[in-house]
1. How long is the gain from Asn18 to Ile391 if the chain were fully straight, where each residue apart is worth 0.36 nm and the alpha carbon distance is subtracted?
2. With +1 on each Lys and Arg Cβ and -1 on each Asp and Glu Cβ, and nothing else charged, work out how big the dipole of the chain is about its Cα centre, in Debye to the nearest 20.
3. What FRET efficiency do you get for Ala377 and Glu222 if R0 is 60 Å and r is their Cβ-Cβ distance, rounded to the nearest 0.05?
4. For the chain, what does -39500 (n - 2.57) per DSSP helix run (n ≥ 4), summed and divided by total residues, give at 222 nm, in deg cm²/dmol to the nearest 500?
5. List, largest first, the extents of the alpha carbons of region 16-116 along their principal axes, each in whole Å.
6. Going through the DSSP H helices of the chain, which span 18 Å or more along their own axis at the Cα atoms while scoring at least 1.0 as a mean Kyte-Doolittle hydropathy?
7. Multiply the residue separation of Leu106 and Glu66 by 0.36 nm, subtract the distance between their alpha-carbon atoms, and state the gained length in nm to one decimal.
8. Computed FRET efficiency, Cβ-Cβ of Asp151 and Lys11, R0 45 Å: what is it to the nearest 0.05?
Amino acid sequence: MEGNITNIDIKQLLQEGNLSDLKELLKDWVPEELVLLCDEITLEEAVPLFKAIDRDMAFQLFEKLEISQQKDLLEVLPNRLVALIINDMSADDRTALLEEVDPVRLNQLLKLLTLREKQVAISLLGYPEDSIGRLMTPDYLTVMEHWKVSDVLNYIRENGERSETLDIIYVVDQKGFLVDDLKIGEFLLAPVDALVSDIMDGKKVSLLVTDDEEVAINVFKEFNRVALPVTDSQGLLLGIVTIDDVLELSEKEDTEDIQKIGAVEAFEEPYMEVPLLTMIKKRAPWLIILFLGELLTASAMSYYEHEIAKAVVLALFIPLIVSSGGNTGSQAATLIIRAMALSEVSLSDWFRIMKREIISGLVLGLILGLLGFVRVAAWSIFTNVYGEHWIYIGLTIGLSLMGVVLWGTLMGSMLPLILKRLGADPATSSAPFIATLVDVTGLLIYFTIAAMLLTGKLL
């Protein structure tokens, strides 16, 4: 971008529709700079911008915009320009856009595609919504194992421009079944008269077209690939998935998990673009469920109303007891959910996890229990607030904290595993959900221990 050109100058040209001057000013801009410009201009001003840049730059810019921006632009750009852009877009990026538009608009856009691109688009849209089939692109290079390295290099020079990536070259048989995948560097370093079969190692890694998106994320992490081939159940090569798409997918999955941990149904759009009514609808159900859960806490307290009336001092420590259990439960749930997302633990590790959490819960509970006892003892030295039975009150608080923290830790660590076993998303065992469950059970533990230690003294 030229240093003496300001966005104010460009905005004025956009408002005037001065395409000739715009073409001159923007000829050296890169797509990333144009994306920033699009964030500063109105939708109407974006129309002359797209008209002023060349066809190659137009689709590159369009691909880098957020899907919400793309959908808005589809409504204002001329059909001729829309047709050029969506035909030039990579198949995977175009599929991501098409699956977000309504059926009527989808049908209109499909009519703007060439016969080949329409077949590709319909094929990709035909796969399940969260499958790898929606992410893959048919733009890749394949070679035969009987080819010479020199043939491969010539083929890459002639056809490489249409490939999504040149980092990996795929070896197929006469019927198109995947045989191997080789890095481009292996061809560059091999003798030109060597056969492809001479440098093959048979260590191909592939994805099934029906695999879930999370499977792709885990495979990319495990094998550190820039691209992975996608096949059907018989091994027929259908397309490839590249690392840039998986990184975007990973960010989306992480965002959904974090939102669920916060007891919010996952948003499908950025926060600032979610309609207020939609946000309320996604947050309200969980809040209602948690509210009903907290009513059980009130019911538990009313059940022990007689004990509280006899020993009002017990009520003073209720917030301390239930919050300690909820906090440790939320900690454990967060750790396990993240460990599962990173494939650090699996369902088969449940017993090892339980043993670790029992030890952790006992130690953490002992620490908090000692602090609770010391708190009661320290106040008893200077005041008579706890009366002559302060030792028993201190023991009640200390043992209750140990029990509630241990229970919260077990609940927080086991519930995500149970949900996973039942086929549900572990992230739905959110911190507020765990805290609500532990609130109710924490009161039961607290008053049970109080009844054991204080009956005949305060109760």
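Read-outs throughout are calculated quantities, based only on the coordinates presented, and are distinct from any laboratory measurement. Keep in mind that this is a model prediction, so the values were computed, not measured. Ideal geometry is used to build each Cβ from the backbone, glycine not excepted, and the neighbour counts take in all protein chains shown.
1. My answer for the length gained is 125.7 nm.
2. 2340 debye
3. That gives a FRET efficiency of 0.65.
4. Helices in the chain give a 222 nm mean residue ellipticity of -20500 deg cm²/dmol.
5. Taking the Cα atoms of region 16-116, the three principal extents are 37, 25, 22 Å.
6. In the chain, the long hydrophobic H runs are 276-303, 350-382, 390-421, 431-454.
7. 12.6 nm
8. 0.30
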